[in-house]
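Okay, so here's the structure we're looking at.
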Amino acid sequence: GQTESRRVFHGGGATKDGHTVELLANIGDPAGAREAVAAGAKGVGLFRTEFCFLDRRTPPSLEEQVDHYSLVFTAFAGCKVVIRTLDSGADKPLPFMTFGSEENPALGVRGFRSVREAPELLDTQLQAIATAAQSCSADVWVMAPMIATVDETQEFIDACHRHGLSQAGIMMETPSSALMAEHLMAIAEFASIGTNDLTQYALAADRMLGSLAELNDPWQPAVLRLVDTAVKGARAQGRPVGVCGEAAAQPALALVLVGLGVTSLSMSARSLADVSSALGAVDMARCEQVARAALAASSAAEARARVRELVPELT
Ligand code: PEP
Ligand code: MG
């Protein structure tokens with residue numbers, strides 16, 4: 001048979017004309033961090049901390065958390081690591097962070113909302129992150145999942161600052177956060193758009209249902225319009241905004257996102273090489289052109305087709 005040529009990732013991301021885009025890895029635990037380093041990743045854009053504790057019935061202690069986070073920060077010494085506070089609920093319930101049964105867990109007490117039920121979980125986790133960050137040289141940024149309002153943003157950023165964590169931001173994965181980005185970004189230092197949840201909530205289509213895959217598609221122009229609004233809001237406040245959902249790993253869609261103005265893309269480490277090479281094949285003007293075309297499309301299929309026409313290099 002034919003041997004597949006494998007692209008190698010050298011750590012950088014830039015368009016042909018030198019517009020840089022941070023390319024970062026999504027990881028879930030220390031083992032994932034080591035794999036990402038081996039694959040050439042030069043930083044982490046999404047550390048899903050809940051993956052360290054999926055099998056736990058009781059909350060992890062402060063010391064246990066410090067151990068896990070230190071291993072990840074050490075693997076990425078000298079690099080940026082965006083760590084996300086626990087995101088329990090719906091597709092990844094944590095037994096120690098589940099509060100009664102809910103009719104609609106995806107719309108329930110999940111992500112940052114768990115502070116209403118168990119504020120000590122956030123407090124302990126931020127303490128652990130601050131402690132681990134102090135003893136390692138990684139550039140640690142912290143963000144919360146499922147932020148929907150200005151009040152939640154303020155509450156989270158205040159909590160981070162109380163723990164001495166100055167680089168504090170939010171995930172934008174609810175339509176409300178994207179629509180309110182200009183206000184949220186007056187408070188948060190950065191944002192990371194989670195296109196997996198943003199798509200499920202924009203289209204009202206459960207991301208776990210394979211039968212709704214056509215709706216659960218980040219190429220849906222409605223999703224791209226929310227991303228556009230989120231980026232404009234962040235830019236108006238002079239804040240960086242990345243994408244850490246699966247959309248960032250699709251080379252053609254990555255060009256659209258860069259054209260919309262996102263400043264970083266985070267994905268599973270094995271996708272970094274392909275996204276990096278797609279970026280290097282086009283200039284920024286072409287990214288902006290494909291972004292305009294995708295935004296103006298009337299369907300996901302049309303958006304895909306328009307971008308394919310405009311970037312023949314990708315096929
Ligand atoms: C997202 O929702 O896009 C995201 C990155 O978070 P998760 O997939 O962990 O919900
Ligand atoms: Mg999410």
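The values are calculated or read from the model by the stated rules, or taken from the named source; none is laboratory data. Note that the coordinates shown come from a computational prediction; the quantities given were computed from them, not determined experimentally. Neighbour counts are summed over all protein chains in view; Cβ atoms, including those assigned to glycine, are modelled from backbone coordinates with ideal geometry.
Can you tell me how many residues within the stretch 111-157 are β-branched (Val, Ile, Thr), over 17 Å from the mean Cα position of the chain (by Cα) and over 20 Å from Asn26 (Cα atoms)?
First pass over the stretch 111-157, keeping only residues β-branched (Val, Ile, Thr): 115, 124, 129, 131, 140, 142, 147, 149-150, 153, 157.
Pick out the ones that are also over 17 Å from the mean Cα position of the chain (by Cα) and you get 115, 124, 129, 131, 149-150, 157.
Imposing the further condition that a residue be over 20 Å from Asn26 (Cα atoms) reduces the set to 115, 124, 131, 149-150, 157.
Total satisfying the criteria: 6.
Taking the stretch 271-286 as the range and being within 16 Å of the chain's Cα centre (by Cα), closer than 19 Å to Ala33 by Cα and not polar (S, T, N, Q) as the test, only Leu272 passes. Considering every residue within the stretch 45-66, establish whether at least one is at pLDDT 95 or above, more than 16 Å from ligand 1 (Cβ to nearest atom), within 21 Å of Phe156 (Cβ to Cβ) and touching a Phe, Trp or Tyr at 6+ places or on another chain (Cβ under 8 Å). Scanning the stretch 45-66, I find at least one residue that is at pLDDT 95 or above, more than 16 Å from ligand 1 (Cβ to nearest atom), within 21 Å of Phe156 (Cβ to Cβ) and touching a Phe, Trp or Tyr at 6+ places or on another chain (Cβ under 8 Å), so the answer is yes. Cβ separations smaller than 6 Å between residues 6+ apart or across chains give the following pairs from the stretch 110-138 residues that are polar (S, T, N, Q) and within 16 Å of ligand 1 (Cβ to nearest atom) to residues that are part of a helix (DSSP H, G or I) and modelled with pLDDT under 95: Ser114/Met97. Restrict the check to the stretch 49-58 and report whether at least one residue is of a type in the set (Lys, Arg), assigned to a loop (DSSP other than H, G, I, E, B) and touching a residue at least 60 places away in the same chain (Cβ under 8 Å). No: the stretch 49-58 contains no residue that is of a type in the set (Lys, Arg), assigned to a loop (DSSP other than H, G, I, E, B) and touching a residue at least 60 places away in the same chain (Cβ under 8 Å). For the stretch 98-136, a residue qualifies if it is within 16 Å of ligand 2 (Cβ to nearest atom) and crowded, with 22+ Cβ neighbours inside 10 Å, and the qualifying residues are Arg110, Gly111, Phe112, Ser114. Inspect the stretch 261-273 for any residue being in contact with a Ser or Thr (Cβ under 7 Å, 6 or more places away or on another chain) and charged (D, E, K, R) and give the result as yes or no. No, the stretch 261-273 contains no residue that is in contact with a Ser or Thr (Cβ under 7 Å, 6 or more places away or on another chain) and charged (D, E, K, R). Being in contact (Cβ under 8 Å) with a residue 24 or more places away in the chain, within 16 Å of ligand 2 (Cβ to nearest atom) and surrounded by fewer than 19 Cβ atoms within 10 Å (Cβ to Cβ) is a property that does not hold for Lys80.
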